[in-house]
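Here the structure comes first, spelled out in structure tokens, and everything after it is commentary.
The values are calculated or read from the model by the stated rules, or taken from the named source; none is laboratory data. Keep in mind that what you see is a predicted model, and the values were worked out from it rather than measured. Glycine also receives a Cβ, built like all others from the backbone with ideal geometry; neighbour counts cover every protein chain displayed. Surface areas here come from the heavy atoms of the whole protein model, side chains and all, with no ligands, DNA or RNA. Shrake-Rupley method; radii C 1.70, N 1.55, O 1.52, S 1.80 Å.
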Amino acid sequence: MAETKRFLFSDPPSRLQRPLARLQPILAKKGQAAIDPARIEKEVQSYAKLEPLIAIESPEHWRSVVTGLDPAIDAILPLSIPAYPTEVWNSHPQPLIDRGLPLVFWPLQPYDEPDFWRWSACDLLRALGVTAHIAQNSRHAGWLIKAYAVKRLLQNSKMVVFGEQNFPWNAHAAGHLVTASLGTRIVVRPLADIRGRYASISQDSLDQVWQERSRRYVVKSVKPEALLEAIRVYLAIKAILEEEKAAAFGLNCFGDLIIQGGRDVPCLAQLLLREDGYVTACDGDFAAMMSMMLITYMLDQPCMMSNMYPISYVGALTDHFGDPLAPPAERYSADRRANLARLAHCGYVGIVSPEMTPSCKTTLTDWGGTYEIKRDGLGCGVDGEMIPGAPVTVVELCFDAKTLLLAQAKICETTRHAAMPHCESSVLMEFRNLPEFVANISREHTALVYGDKIDELQALAQILGLTVKVF
């Protein structure tokens, strides 16, 4: 479960795949390297390309090599001859300062532990402004290398948000912060750009999509015409994403589409586009999309997002659902309640991909509505359960795009709410430290991935220059 890979219908285009990191091994001088580069190459072959080893012949050669490295190189792997700190990067660090490439000191291979002799070299180089890492073990080394590849992908990525920018996740106001910090560009387009493509989508195209994709879905109460409309939304959005060469999308349903009476909601479109390799989130929340991009491209795992309601917030839950959604006291003692929260969005848990459900299927039903905007039997919503007892990592990139919140939690249950058509299902989850998470929270939208992924995401945050807070 914690290592389940995201489902892909076919190989995505290259812009939607984490590239292979490019690593340049440099031997301090001619001789036998203390760490075997061939073994490193075998370890990293699934996520990185190791360039041919360069053995340094002189300080002049060192300068020429370092300053002349290909701009596509992500990191230098410095290798030594003896196990003593007499290397050229200590005697002549200036080329590293000038070039600005990070160094990763590989762990000692026979023991899979940090290279003791690199402590002082790392501190010296960091003091001089060079980014240097001592990998704690081969697993940690892999995280660092993958993180550099994710960094390169984000710097070359684009996302599209559709609809009015009238929620706090206002891309016009704050999208530039994401671009400044991580490089990802945000394009805002109107709903009309989607709807303007509907007429050109043929019935044959709709039938083909459903024939190819339907096996992962259970059709419940969604009307046939609403199902076709949902597929039409998918094809229209996909065409725009291809046109924009984008990697992710979100749509402002409650601030634009729904309140204007539209029911061409993109719930199923989100799921189908994830199968194509895209990252998708609700409400056009670009910060949630970025959180999901970090998860997706670092971990290669499925993720989802939803509104998170601490059950101690009785007023917020009652006002939004007409019910506090309190769990039964006999099953959840008073001392646990401070760490309990509900996940719920648009009548259901959220947009849960089939591979994240116990049955590996997601149910399609009519759009669920909310307490404020009543369910009317139209649209195509998605009702997916989550795996009970599963550990999860909760992720929130803040609007400053410099702060990353990570929290440990577990799924208690997916609860079915009788006689609540605007909230048929929600997930009850238990945090390790919900009060502290809430004290630092960015917004109600939280992204989740199965498993304890704190360490991997901390490694990614380090490479991306993000400040991490763990709860």
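Below is a table of values for the structure above.
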{"quantity": "For segment 323-471, accessible area per residue (1.4 Å probe, heavy atoms of protein chains only), Å²", "calculated": "34 Å²"}
{"quantity": "Computed over the chain: relative contact order in percent, which uses C-alpha pairs under 8 Å that are six or more apart", "calculated": "15 percent"}
{"quantity": "Out-of-range pairs (alpha-carbon distance over 21 Å; input 42/158; 42/146; 146/245)", "calculated": "42/158; 146/245"}
{"quantity": "Formal net charge of residues neighbouring residue 124 (Cβ-Cβ distance under 14 Å; K, R +1; D, E -1)", "calculated": "0"}
{"quantity": "Helical contribution to [θ] at 222 nm, DSSP H n ≥ 4, -39,500 (n - 2.57), averaged over the chain, rounded to 500", "calculated": "-9500 deg cm²/dmol"}
{"quantity": "DSSP-assigned coil residues among GluC sites (Glu not before Pro) in segment 1-104, each with at most 11 further Cβ atoms within 10 Å", "calculated": "3"}
{"quantity": "Kyte-Doolittle at least 1.0, axis length at least 18 Å by Cα - qualifying DSSP helices, the chain", "calculated": "286-299"}
{"quantity": "Net charge, residue 250 excluded, C-beta distance under 9 Å - Lys, Arg +1, Asp, Glu -1", "calculated": "-2"}
{"quantity": "Segment 254-319 shape via C-alpha gyration tensor axes, a/c threshold 1.5", "calculated": "oblate"}
{"quantity": "Where only C-alpha atoms are counted, convex hull volume of the chain per residue in Å³", "calculated": "153 Å³"}
{"quantity": "Neighbourhood net charge (10 Å Cβ-Cβ; Lys/Arg +1, Asp/Glu -1) for residue 353", "calculated": "+1"}
{"quantity": "Exposure of residue 283 as accessible area (Å², to 10), given a probe of 1.4 Å and all protein chains", "calculated": "10 Å²"}
{"quantity": "Global form of segment 281-403, assessed from the alpha-carbon gyration tensor, a/c cut-off 1.5", "calculated": "rounded"}
{"quantity": "Convex hull volume per residue for segment 396-471, taking Cα atoms only, in Å³", "calculated": "101 Å³"}
{"quantity": "Within straight-line cross-link reach of residue 29, aspartates and glutamates at Cα separation under 18 Å, skipping those fewer than 8 residues along the same chain", "calculated": "51, 57, 60, 87"}
{"quantity": "Loop sites in segment 337-441: trypsin sites (Lys or Arg not before Pro), DSSP, at most 13 other Cβ within 10 Å", "calculated": "374"}
{"quantity": "Dipole axis of the chain (+1 Lys, Arg; -1 Asp, Glu on Cβ), positive-most option in 358, 120, 298", "calculated": "120"}
{"quantity": "Top positive-direction residue, dipole computed over segment 78-224 with Cβ charges, set 133, 111, 182", "calculated": "182"}
{"quantity": "Which listed pairs, of 5/410; 238/469; 5/223, have C-alpha distances above 28 Å, in listed order", "calculated": "238/469; 5/223"}
